Every structure is written in C-alpha cells, then in structure tokens.
Amino acid sequence: MSTPVVGFIGLGHMGGPMAANLVKAGYTVIGFDVVPAAIEAATASGVQMAASASEAVKEAPIVITMLPSGRHVHSVLDEVLGAAAPSTLFLECSTIDVDDAKAAHAKAKAAGHRCVDAPVSGGVGGATAGTLTFMVGGPADDVAAAHPLLDVMGKRIVHCGDAGAGQAAKICNNMILGISMIGISEAFVLGEKLGLTNEALFEVAANASGQCWALTSYCPVPGPVPASPANNNYEPGFAVELMSKDLGLAANALRNAGVAGELGLHASEIYERYLEEGGKGRDFSAIVTDIRRRSSEG
C-alpha cells in the first residue's frame, strides 16, 4: 500500500526524530521549522523542507504539529487551515493546555478538517527509537486514521477519549511524575542526613512500598540505576524547563477544575523556582541537587 504525504511542522528535539522515523518507514514528509539547526538535521534525515508552514500542508492529507506551546499551535493553525485540502487530518502532538487542545479541535472542524490531540511520553530517546507513548484524544474514526503513523513513531497508543482527553492524560501523568521525583529526592537527602547510603535506601525502597518508576527507572542519585541522568551529570532526558511547563499546565488545570491539588500546585512552584535559580538545561531529576543545597544552607 502506498503511504500518504505527511506535513510536519515543528522539527525540534522531539519532532525531528519523529519525522525521521516516518521517512524511514517510507512516508514522504514535507516539513517546516524556523530554526536553522532543526532544518539542517531534518534535511539530513530525508525530510523535504518547505518554505512556509502553508506550503508544507498543501499536498498532505495528514499534518503533524509538534510545537512549544498552545500559542504556537494556534498561530500555525491560523496560517495553514486555509491552505490545507478539505478534510485534512491534523495530528497535534504538542503538550498544551486542555482548553487550547479543545479549541484546536473546534478550529480545525470549523475549517472543514479533522483533528486528534496526541501528546507524547518517552523523551528524545523514545522519539529517536520510535518507542513513544501517545495519549490520544478525538473521534474514534480519526484516531484510527492516525494509527498507522502513530505505530511508526511509538510503541503504545492509548485512546483516552474525546477532544482534549490526550492532553488531560499527559498533564495528569506528568503531575504524578513531578510530585514523585520531588518526594524521592527529599527522601534521599533525608537519608543522607540520617547516615544512610544511597544504595541502602534504594535497595529498601525499590523493593518496598516506596517503589515507583521515578525511583527504579530514573533514580535521582548516582549509582543505583546506571542509565539514569544522575550518572551523566544530569544531562537531560527530560529537562527541567519541560517539567516546569507541564506542571504549570497541571496547575492551571487544577485551578480551572476546582481541584484541591495542593501537591500539584506546590510541585509547580518548586520546579519554577529551580528553573529560575539555575536548573535550566538540566534533567528534572537534578531537583535532588537543589534540595540538597537548600538543606545544607538551612
């Protein structure tokens, strides 16, 4: 079977590898980005670059967007919806506010198109390996139409519900992750203060009720989990600025939904402060170093 042309707008750290995997799978990908380094890398991977976002979507029955924020998503949609062929399927993979996602669905539908929100989990490594998890929101028929591409770029696709449900799942999941990482980091610093080795605490918690993904797969201290960023000077798999962004989205959702989410709100404040005070460019698990520093100062 022939593969459709895919328009791909946003070819950065995540979008670039995702587009490259589509090229490897035989898709013709016409891309657009405004960052020279992203353009160069995408071109090297076989993506055909367009001169504008509108040009990238003209011949593409499916368009993928992977952009920094809801503001960028809506700016691109305002530019390209009129240029796209009728009933184009827009696959929106950015992580944005739930209300922004619902508005994107409505805007695409009003212009005679289809839309699926499909934010991802798995980081740059997952984007490169094609092992991302997609959390998908939208009508079942549109999700089914997107499945062949999602299967190329990821290994797990979960249809979470109607418009905006994918974003809701992503925000909730990352709120759990952010809160968990802070709790684990505080426990390791406390253990150090009480004379425990990191290895001893890990051995106990990883096999007891403290067990969770942030501990056993992404341990924030060097040693126990060799593949964790803690063993590579906290070079990011998932950067502090991204966690801060996602927790900010979760905080907005908590307020808008009237949820008494004290830990979620406080986690957002903690990561925002760390970002402002030196966390930029580090992996989010480096929050342990900030807790340790503050503990020593106190």
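The values are calculated or read from the model by the stated rules, or taken from the named source; none is laboratory data. Worth saying up front: this structure is predicted, and the values here are computed from it rather than measured. Here the Cβ is made from the backbone with ideal geometry for all residues, glycine too, and neighbour counts use every protein chain on show. These accessible areas exclude ligands, DNA and RNA; they are computed on the full protein's heavy atoms, side chains included. Shrake-Rupley method; radii C 1.70, N 1.55, O 1.52, S 1.80 Å.
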For H113, the residues 5 or more places away or on another chain with a placed amide H closer than 5 Å to its own amide H are S87
For the chain, give the share of DSSP beta bridges that are antiparallel, in percent and rounded to the nearest 5; count only bridges with both residues there.
15 percent
For E235 and T43 in the same chain, what is the full-extension length gain: residue separation times 0.36 nm, less their Cα-Cα distance, in nm?
66.5 nm
For a protection proxy built on the mean count of beta-carbon atoms within 10 angstrom, sort 158-169, 69-80 highest first, please.
158-169, 69-80
Relative contact order of region 6-162, defined on C-alpha pairs under 8 angstrom at six or more residues apart (%)
20 percent
Convert each backbone phi in region 205-220 into a coupling constant with the Karplus relation 6.51 cos²θ - 1.76 cosθ + 1.60 (shift: θ = phi - 60°), then list the ³J(HN,Hα) values in order as whole Hz, x for Gly and Pro.
5, 5, 10, 9, 6, x, 5, 6, 4, 4, 8, 7, 10, 9, 3, x
Net charge (Lys, Arg +1; Asp, Glu -1) of residues whose beta-carbon lies under 13 Å from that of V98, V98 excluded, is -4
Tell me whether the chain comes out rounded, prolate or oblate; compute the Cα gyration tensor, take square roots of the eigenvalues as a ≥ b ≥ c, and use a/c under 1.5 as the rounded threshold.
prolate
Within region 227-282, trypsin sites (Lys or Arg not before Pro) in DSSP loop having at most 11 other beta-carbon neighbours inside 10 Å:
none
Potential lengthening between E276 and A206 on full extension [0.36 nm per residue; Cα-Cα distance subtracted]
22.0 nm
In nm, the gap between the two label points placed 7 Å beyond Cα toward Cβ at K58 and L190 is 6.2 nm
Name the most mobile residue of A50, A41, A110, meaning the one with the largest mean-square fluctuation, in a Gaussian network model of the chain with Cα contacts below 10 Å.
A110
Taking a straight Cα-to-Cα line shorter than 15 Å from K58, and setting aside same-chain aspartates and glutamates fewer than 8 residues away, one finds D78, E79
Over the chain, with neighbouring protein chains present, the accessible area per residue in Å² at probe 1.4 Å is 45 Å²
Using amide H atoms built in the peptide plane, which far-off residues or other-chain residues are under 5 Å from G154 H to H?
L132
Could you run the Karplus curve 6.51 cos²θ - 1.76 cosθ + 1.60 with θ = phi - 60° over region 43-48 and give me ³J(HN,Hα) per residue in whole Hz, x for Gly and Pro?
4, 5, 8, x, 6, 8
Report relative contact order for the chain in percent, whole number only (criteria: Cα-Cα under 8 Å, sequence separation at least 6).
12 percent
Where labels lie 7 Å past Cα in the beta-carbon direction, separation of N256 and R293 in nm:
3.3 nm
Going by a ≥ b ≥ c, the root eigenvalues of the Cα gyration tensor, does region 208-285 fall in the rounded group (a/c under 1.5), the prolate group (a/b larger than b/c) or the oblate group?
oblate
Rounded to the nearest whole Å³, what is the per residue volume of the convex hull around the Cα atoms of region 6-162?
92 Å³
